[in-house]
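See below for the structure under consideration.
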Amino acid sequence: MQQIDERFLNFSPPTLEAIRAYRQSHDPKLVGTIVQGIVEKYLPPEIRDRAPEAMKALNAFGIESVTLMEIILDIQDALEIVITDAELRSLRNFDDATKLLREKVAALSQGGRAES
């Protein structure tokens with residue numbers, strides 16, 4: 001688990017705990033907590049408490065495309081999955097993203113492939 005602590009060094013303790021728990025269980029219920037924690041890391045400190053509001057749109061609170069890509073890469077690393085370009089283009093908001101991620105995780109936990 002030290003690798004998780006090193007890779008996700010600047011994430012909140014609840015997010016780290018959710019990633020650790022996910023890595024052991026691959027429980028799709030943990031996806032929302034992980035995604036919210038990752039998004040919160042990239043929001044300015046003064047609006048982190050409004051993270052659920054920010055998750056209504058992919059560009060909420062002025063998240064730039066480079067930052068959005070960092071968020072996607074962190075999510076892929078945390079969940080140990082791959083999100084294709086076609087899947088990314090189909091996403092309209094973080095609810096769509098969380099739904100897609102839960103589906104990929106569920107497929108993985110059922111022995112399917114999480115990569116499309």
Top-ranked residue in segment 73-90 [being part of a helix (DSSP H, G or I) and not hydrophobic (A, V, I, L, M, F, W, C); ranked as least open to solvent (accessible area, probe 1.4 Å)]
Asp74
Mind checking which helices (runs of 4 or more DSSP H) fall wholly inside segment 1-72 and carry at least 1 residues that are at pLDDT below 90, more than 14 Å from the chain's Cα centre (by Cα) and on the phi < 0 side of the Ramachandran plot?
2-7, 51-54
Segment 91-108, residues that are open to solvent by 70 Å² or more (accessible area, probe 1.4 Å) and at pLDDT below 80:
Arg92, Asp95
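The values are calculated or read from the model by the stated rules, or taken from the named source; none is laboratory data. Note that the structure is predicted; figures quoted are calculated from it, not measured. Note: areas computed on protein heavy atoms with side chains; ligands, DNA, RNA excluded. Shrake-Rupley method; radii C 1.70, N 1.55, O 1.52, S 1.80 Å.
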